[in-house]
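Asker: Dropping the structure in here first, questions after.
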Amino acid sequence: MVVQWWSKRWARVRAAGEDGMTTAEYAVGTLAACALAAVLYKVVTSGAVSSALQSLIVKALHASF
């Protein structure tokens with residue numbers, strides 16, 4: 001039963017063709033992810049965002065219950 005399931009699954013995988021990414025697509029995707037991470041890092045470490053996050057944390061720590 002397991003062998004039959006695997007053979008059917010393998011047949012579907014072989015019939016699907018090239019549905020995945022190629023090496024060049026992985027490289028471009030990785031580059032895009034790194035660029036997005038760099039932009040987000042710059043935004044989060046900017047003065048305005050940093051002070052906003054700091055004030056939010058201070059307000060949360062000094063909240064009265």
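The values are calculated or read from the model by the stated rules, or taken from the named source; none is laboratory data. All values derive from a computational prediction rather than experimental measurement. Note that each Cβ is placed from the backbone with ideal geometry, even for glycine, and that neighbours are counted across all protein chains shown.
Asker: Which of the residues belonging to the stretch 11-33 are modelled with pLDDT of 80 or more and surrounded by 10 or more Cβ atoms within 10 Å (Cβ to Cβ)?
Answerer: ALA11, GLU25, TYR26, ALA27, VAL28, GLY29, THR30, LEU31, ALA32, ALA33
Asker: Which pairs have Cβ atoms under 9 Å, sit 6 or more apart or on different chains, and link a residue in the stretch 29-42 that is assigned to a helix (DSSP H, G or I) to one that is not charged (D, E, K, R)?
Answerer: If the second residue must be not charged (D, E, K, R), the pairs left are GLY29/MET21.
Asker: Moving to a separate point now. Tell me, please, whether a residue that is at pLDDT 90 or above and among the polar types (S, T, N, Q) can be found in the stretch 39-46.
Answerer: yes
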